[in-house]
Structure formats: C-alpha cells, structure tokens
Amino acid sequence: MRIAFNGRLRDEPRIRAGFIGCGSHAFRNIYPTFQFTPVELAATCDLDLERAQAFAKQFGAPNAYGDFRRMLAQERRLDAVFIVTGKDARGRPPYPALATECLKAGVHVWIEKPPAATCAEVEAMESAARRSNRIVLAGMKKMFFPANEKAKELIGDANFGKVSLASLHYPQYTPTAQEFDAFLTRGENNRVAGFLDHLCHPASLLVYLLGMPQSLWYDRAPNGAAVAHFRYADGRLATLLLTHGQARDGGMERTLLVGDAGRHVVVENNLRVTLHRSAPAPEGEGYGRQPSYFAGAPEQTSASWEPEFSLGQLYNKGLFLLGYWGEVEEFARAILEQRQPRKGTLAQARQVTRIFEAFAEGPRKEIEL
Amino acid sequence: MAIRLSHEDGPRLRVAVVGCGGHAYRSVFPSLDYVAVDLVAVCDLDPVRAKKYARRFGAQDAHTRLKDVIARGDLDAILLSVGAPHHPELACEALEGGLHVWMEKPPSTDVGGVQRMIEARGRSGKRAAVGFKKAFMPATRKMKEVAERGTLGALTSLSGRYPMSIPHGGMNVLADKKGNNWLGNGVHPLSLFVFLAGRPDTLTAYAAPNGGGFVVMQFPSGAVGCLHNAEGSVRGGPMERYEAVFEQGHVVNENNARVLVHRPGLPFDYRRGYDFTAGPDEAAAQIFETQHTLSTLHNKAIFLQGFVQELEHFVEACLKDEPVTIGSLEQARAVMECYEAGLLSGGKPVNLDELPALRG
C-alpha cells in the first residue's frame, strides 16, 4: 500500500529503490518526490553513515548504509538505485562508473545531471544498460518542466506551422579555451566543472524541443557571457544566450519559439507560457488603420497559462514546476511498464554531452555536432 | 528566520502530528523537513493510515487517540490538522495535558471556539498558534515591512481579491456550525487583512446575486479595506491580488509570487509628460519575483505560501519560551470575528465589539 496524492492509502505497485547520496540537493529536490511517485525507498546510502541514517529516518527507509556495494549485496529485491552525488576531485560526475556497477548488479539506475564529462562515458553506460537489460534515466529536468512540456505541445500543433527560430536564455559563465584545455587534458578542477554541470539545462531543453542540431558556432564576451548559434539540418536556427553577469532574480530564463504561420510561444521564468497569435484585422483596417488592438474572437488571440500560488496544490510546488517529480515519475513508470523512458534517455544524454564537447573546441568556428 | 534541515544538529521540539489527511500529506509533513522538530509520533483515527504515515515520515509511533499521544509524556507539542469543528476540543485537551498546540486554519467554527482555547491556554501556560499562512508568505511580509518602515507614509487603504462567497442565512450557519467556504478559505484573505491592518472596528458585507460580493472594513487607524469575494472567477490561474495604498506610494502583491513596490518621485506632467521611464532610478518601482530556474528554497511552494514559516515561528516560540506574535489566538479571534460579522452583516455595518449582542 502506498499513500497517494490525496493522502489516502492506495494499493498499487511501486518500485523498490535504494538511494546513493544524502546531500543537500537530494534532500531538497529528489527524496521529497517519493511522496508523490510509485517509489518505495528501501535504503539510503552515504559515505557519512550517520547522515544516511538521518535521511533514512526522515524519508521512511528501513535501512541505511555507508557503502553502496554492501547495500546492493544486502538489499533483496531492489528494482532500482537513485544516484545523486557530488563531483569527483577533477570536477567530473562519477555517474558513469557508479551507474555501470549498479547496472551489473542488476538494478535500473536513475542519475542526476550532468550524466558524464565525455560522450565515450555515456556510450559506456549505454552498453552496460543494453548488456544488463536495464534502463537508465538521466535527470535532465528541463525536459520535464510542465511549462516546457506545454511549449512542446503547442509547437507540435498543426496550426503552429514549423518552428523556424528558437531563442533560449540561461545565466552561465562560458569558459575560455585555456580553461577547457586544463579541465579536459590536465584534470584541473576549474570553472569548466560548473559549465559542464549547468550547460545540461539549456542544452537538454534545446534537444527536447527541437532535437539535436547539426552544428554550433559561438562567441564569447570577455566576462564569460556568450552567444551560441545552432543550425539544424532542415535549416532551423536556434540561439542560446549564456547571460553570465545578469541578476539572479525572477526571470533568469526565457524561451522563444517562432513558427512560420504567424504564431510564437514564449516561456517566461518557467512559469508563464504564452501562445501568441495575431487576430486578423477587420476588413478595411490594415496597417496604420486599426483603431483598436482588442480585435478578434477569443480563439484567435493569444492564450496564457500560469499557476496560482494561493492553494496548497501539487502544481505550484517546486518539485512539480521544476520537473523533479516528472523525471522520477517517468523512471518509475518505465520500470513498472517494462519499457524505455520517453525522455531523459542516455541517447539524449549523449547528445547533450556532445554539445558540451563542442563548446570545448573553442569559439568562432563552425563545429559539426 | 533560521532554517534547520531535518538532519542538522540543534535543539528540537518533540512533536506529534494529529491528522493524517491530504492537506497534511501535501503541505504539513513536507514542511517538517525544514523546521526544528523531532517527529516522534503521528495520530489518526485510521490505524492503518497512522502506521503508514509514521513509517513514511520517520515517526517512532502511531496512535489513534489524542489521549494516548498526551499520555506518552515525552512530547512538547502537537501539530493539529483535523478540521475546524474539532480544533477547539482537541486543542484544549492537549493544552490542558501540558502540550503546546499548533493548529491548521480555520481554528474553529465560531469565535466561541477560539475563546475557549484562549482560556485553556491561559490556564496551561503553554503556547498556541494557528497556521494562517497568508501572514507568513514572503509577499505579505514584504508588504508589512514596507508599512512598518513608513517610507511611503501611513496605510490608507487595503484591497484584495479571492474567489469566495459568503453563504446566506448567516445566523443558521453559525448556529449549525456548518462548514462552508467562507470559513474554510475566507479566513485566508481575512487573516491577511488582520495581519496588515489589525482588527477592524466595523465590517460590512455586500452580496452579489451569484454569491460573490464585497466586504468593506474600517480599521482603528482610519484606513479602509475592501475584500472582493470574486466568486465565479477562474481557479487554477492566478487567483489573488492584494494592494496596500499608503500616503505616498503603494505595494501590489500579484499571485503571492510577485511584489511591486511603487515609490514616490516619478515626474508627472499631465499635459506634457510623454516618457513613462523618466525620473530617477530610485523612483522606479521595485520588483520582487522568485526565479523558477534554480532549485532553491524560495521557489518551493511550502516557502512561497508560508507553510514552513508558520510552523517555524511556532516552534521557535516554544523552544525559546517566547510569545507567538503571528498567528496568535488573539489574532485568530479577530479573524473569526470578521468571519462572523460577514455572515451576519446582510449589507449593514457590523461593529465587531457588538457581535455578542448580534449573535443573541
């Protein structure tokens, strides 16, 4: 029996999961999703056993471990393991090695982003997943934001036409060529670690909305802000503004998707989604002759979606708005339904990692992706 | 405010949550991750549910009766979420049993219920608080901060909107202690008005044919307030908007997620001014809006809507042996007086001091 959304008990299948990592991000954003997803937390694990025990108590797990191999060996009937850890000493995510070992032990694996520092590491996880016949979901949350899912739905509508142009904003420092080189070839833990960690967000959103681009060209301002230009095989264009230096307040991200049929979609602050449509001007009132803007029937004009923050609902919780619930729910459902995840796949993780590798090739040149 | 994560050290209040329902599941239990409590026990009439909740949220024990919770002897407080009709009885029992009590809103079905709790609190010497989250929302606290700073002058008027309706037959509603939305949720905007402007002297409720209407309040300071009971408006999208107007400026709270402080100093030339951006930067409106990009605490609904903060204030008051200053039973009584006045007004002003006579 599990406790359902409405607080009542419901008899439905759940996956039994262990959790490697008891840090602050996991505390705020991943463990709490288990209240609302079909996950039974069987065990927690952290290098700090006392912390693992505290997390086990707080989040309802019967067991706690200080060693993940012991957890895998001793926990019977584990279906899956969640892995949310910090980076290694070189600033790289440890997920490829940890995930591969867990896959070999026969469990499905959920990993946080960034999934890896190189495409080769992602490919190794893909091979391990295939050999073990288990799934891996990488927590690229932007693909699961309700606002972004709505945007994807809107641009997929036949009336939208084809997307011709997209623009994304994300506040992120872009490293210099020297910094990339030091990180990748000498193992120096520098600002590239942060770039690897965060580029996942806009890169995964781009891949989710429009697919994998064909090429990248970018330029970098002295302070680390950058403009990145992506070209698609079918001619579509996308721009990513890495707005390092901006304020951290409301409206750090903005997504614009322009169609070729007189419509566009804007996602502001991952909260407000607007489908912009132009109502046709009344007969005889062309450009410069239309006294009232408020023309057109309701179904011809723009439409907007925004949650309320009045009621104790689920949809206004950060866990839901920021895609954490979605990425855990999809993982659990994929396991229960014995299918591959629809999003957050390792194939998408490889695409996102390729975009990172492309940035490392340096600015002001066309880079094939 | 001192956030203490559940696994961090420091003094903690030993508590039991009484009431394992949907609201507690969505909003109360998750808030405990950030408040200095040790969840020792849970209590619910349904023993299976109580056990499940205990296991899920790390409590040692599950109970089905409040008297067993009190009899444990190892608790400091209870967090009560069982519905207005039951809050006074259970809160009094817990206070008299030596426990501090936090309860969800509404505190009772009438002023009398709150009065009984005030008396029980007085006899017990324990702390009691009501979870009026609207008083704790960061958006409301910013409005209050602007009011107290006084840089915009004195508050002159306060308006708000909430999809709401006051039921007809107010005297019967009170007598029957019937649940209704004016009680269940009307206390939300009422608590915000009381928090910002104090207990009104008079309240007049005007009803529209579909049940909505306006509630007009006059405050001791001379300020006036108007709550638009916007029954019929859409739910799901932004539902609330509050505006506090001062002598030289105003503050707007949109959707409890965006606060604009409109300051004096912008040039205003009625006949010849053509540039809305003219004037010094310090006269431009200030905007406070949380971002929904980074996984911080301030964009979590349990913080945006004041759930964590209302619990934290109660817990800190108990741990430090200080008075509850927000969400006190006295404020709860003022809110319930407004609730009753709204039921009994029928379009005529009700002096809150004369409510006992009106009730008969």
How about the stretch A:1-48: which of its residues are within 8 Å of chain B (Cβ to nearest Cβ) and open to solvent by 30 Å² or more (accessible area, probe 1.4 Å)?
-> A:Met1, A:Phe5, A:Asn6, A:Arg8, A:Leu9, A:Ser24, A:His25, A:Arg28
Among (1) part of a helix (DSSP H, G or I); (2) open to solvent by 10 Å² or more (accessible area, probe 1.4 Å); (3) modelled with pLDDT of 95 or more, where does B:Asn172 come up short?
-> (3)
If A:Val352 satisfies every condition in (1) open to solvent by less than 10 Å² (accessible area, probe 1.4 Å); (2) in contact with a Phe, Trp or Tyr (Cβ under 9 Å, 6 or more places away or on another chain); (3) of a type outside the set (Lys, Arg); (4) touching a residue at least 12 places away in the same chain (Cβ under 8 Å) but one, which is the exception?
-> (2)
Please report, ordered by residue number, the strands (runs of 3 or more DSSP E) entirely within the stretch B:239-296 with at least 1 residues that are within 14 Å of chain A (Cβ to nearest Cβ), open to solvent by 80 Å² or more (accessible area, probe 1.4 Å) and out of contact with any Cys (no Cβ under 6 Å at 6 or more places or on another chain).
-> B:241-246, B:286-289
Residues of the stretch B:134-151 satisfying the condition of being open to solvent by less than 10 Å² (accessible area, probe 1.4 Å) and either aliphatic (A, V, I, L, M) or in a helix (DSSP H, G or I) (or both) = B:Lys134, B:Ala135, B:Met137, B:Ala139, B:Thr140, B:Met143, B:Val146
Every residue from the stretch B:66-89 that is among the basic types (Lys, Arg) and in contact with a strand residue (DSSP E or B) (Cβ under 8 Å, 6 or more places away or on another chain) = B:Arg72
Inter-residue pairs, beta-carbon under 9 Å, first farther than 14 Å from A:Ala221 by Cβ and in the stretch A:174-185, second of a type in the set (A, V, I, L, M) and in a loop (DSSP other than H, G, I, E, B), 6+ apart | A:Ala177/A:Ala360; A:Phe180/A:Ala360; A:Asp181/A:Ala360; A:Phe183/A:Ala117; A:Phe183/A:Ala360; A:Leu184/A:Ala117; A:Leu184/A:Ala360
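Residue under question is A:Tyr208, and the condition is that it be open to solvent by less than 10 Å² (accessible area, probe 1.4 Å) and either within 30 Å of A:Val267 (Cβ to Cβ) or of a type in the set (Val, Ile, Thr) (or both); does it hold?
Values: open to solvent by less than 10 Å² (accessible area, probe 1.4 Å): no; either within 30 Å of A:Val267 (Cβ to Cβ) or of a type in the set (Val, Ile, Thr) (or both): yes.
Against the criterion (open to solvent by less than 10 Å² (accessible area, probe 1.4 Å) and either within 30 Å of A:Val267 (Cβ to Cβ) or of a type in the set (Val, Ile, Thr) (or both)), A:Tyr208 does not qualify.
Right, B:Val224: among the β-branched types (Val, Ile, Thr) and buried (at least 16 other Cβ atoms within 10 Å of the Cβ) or not? Before the answer, list the steps.
Working: among the β-branched types (Val, Ile, Thr): yes; buried (at least 16 other Cβ atoms within 10 Å of the Cβ): yes.
So B:Val224 fits the description; yes.
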Show the residue pairs that are 6+ apart or on different chains and have beta-carbon atoms under 9 Å apart, the first residue being within the stretch B:182-202 and free of Cβ contacts under 8 Å to residues at least 60 places away in the same chain, the second being in a helix (DSSP H, G or I) and open to solvent by 10 Å² or more (accessible area, probe 1.4 Å).
-> B:Leu196/B:Lys144; B:Leu196/B:Ala147; B:Ala197/B:Ala147
Going by the conditions given, is B:Lys300 closer than 30 Å to B:Ser81 by Cβ, more than 9 Å from every other protein chain (Cβ to nearest Cβ) and modelled with pLDDT of 90 or more?
-> no
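Suppose we filter B:Pro209, B:Pro163 for residues that are open to solvent by 20 Å² or more (accessible area, probe 1.4 Å) and either out of contact with any Pro (no Cβ under 9 Å at 6 or more places or on another chain) or of a type in the set (A, V, I, L, M, F, W, C) (or both); which single one remains? Show your work before the answer.
Details: B:Pro163 fails: open to solvent by 20 Å² or more (accessible area, probe 1.4 Å).
Unique residue meeting the criteria: B:Pro209.
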For residues in the stretch B:95-111 being in a helix (DSSP H, G or I) and either free of Cβ contacts under 8 Å to residues at least 24 places away in the same chain or within 18 Å of B:Asp321 (Cα to Cα) (or both), which is farthest from the chain's Cα centre (by Cα)?
-> B:Glu96
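Can you list the helices (runs of 4 or more DSSP H) lying wholly within the stretch A:50-156 that have 1 or more residues being acidic (Asp, Glu) and buried (at least 20 other Cβ atoms within 10 Å of the Cβ)?
Details: elements: A:68-74, A:95-104, A:119-132, A:146-155.
Of the helices (runs of 4 or more DSSP H) lying wholly inside the stretch A:50-156, those with at least 1 residues that are acidic (Asp, Glu) and buried (at least 20 other Cβ atoms within 10 Å of the Cβ) span A:119-132.
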Do we have any residue at all in the stretch A:273-293 that's on the phi > 0 side of the Ramachandran plot, out of contact with any Ser or Thr (no Cβ under 7 Å at 6 or more places or on another chain) and surrounded by 12 or more Cβ atoms within 10 Å (Cβ to Cβ)?
-> no
Are there any pairs, at least 6 apart or on different chains, whose C-beta atoms fall under 8 Å, with the first in the stretch A:308-332 and at the interface with another protein chain (Cβ under 10 Å from one of its Cβ atoms) and over 26 Å from A:Thr345 (Cα atoms) and the second of a type in the set (S, T, N, Q) and not in a loop (DSSP other than H, G, I, E, B), and if so, which?
-> A:Gly312/B:Ser27
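Which of the residues that make up the stretch A:49-106 are over 22 Å from B:Lys52 (Cβ atoms) and either among the acidic types (Asp, Glu) or within 14 Å of another protein chain (Cβ to nearest Cβ) (or both)?
So the first thing to find is which residues in the stretch A:49-106 are over 22 Å from B:Lys52 (Cβ atoms), and the list is A:49-52, A:65-74, A:81, A:83-106.
Within the stretch A:49-106, A:Leu49, A:Glu50, A:Arg51, A:Ala52, A:Asp67, A:Val84, A:Asp88, A:Glu101 meet the criteria.
Could you pull out the residue among B:Val48, B:Val18, B:Val37 that is surrounded by 21 or more Cβ atoms within 10 Å (Cβ to Cβ) and either under 28 Å from A:Gly21 (Cβ atoms) or without any contact (Cβ under 8 Å) to a residue 40 or more places away in the chain (or both)? Before you say what the answer is, go through the steps one by one.
Numbers: B:Val48 fails: surrounded by 21 or more Cβ atoms within 10 Å (Cβ to Cβ); B:Val18 fails: either under 28 Å from A:Gly21 (Cβ atoms) or without any contact (Cβ under 8 Å) to a residue 40 or more places away in the chain (or both).
Within the list B:Val48, B:Val18, B:Val37, the selection yields B:Val37.
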Tally time: how many residues in the stretch A:343-360 are under 13 Å from the mean Cα position of the chain (by Cα) and either within 14 Å of chain B (Cβ to nearest Cβ) or assigned to a loop (DSSP other than H, G, I, E, B) (or both)?
-> 3
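The values are calculated or read from the model by the stated rules, or taken from the named source; none is laboratory data. All values reported here derive from a predicted model rather than from experimental measurement. Reconstructed Cβ throughout: ideal geometry from the backbone, glycine too, with neighbour counts over all protein chains shown. Each accessible area value is taken on the protein alone, full model and side chains, heavy atoms only, with ligands, DNA and RNA left out. Shrake-Rupley method; radii C 1.70, N 1.55, O 1.52, S 1.80 Å.
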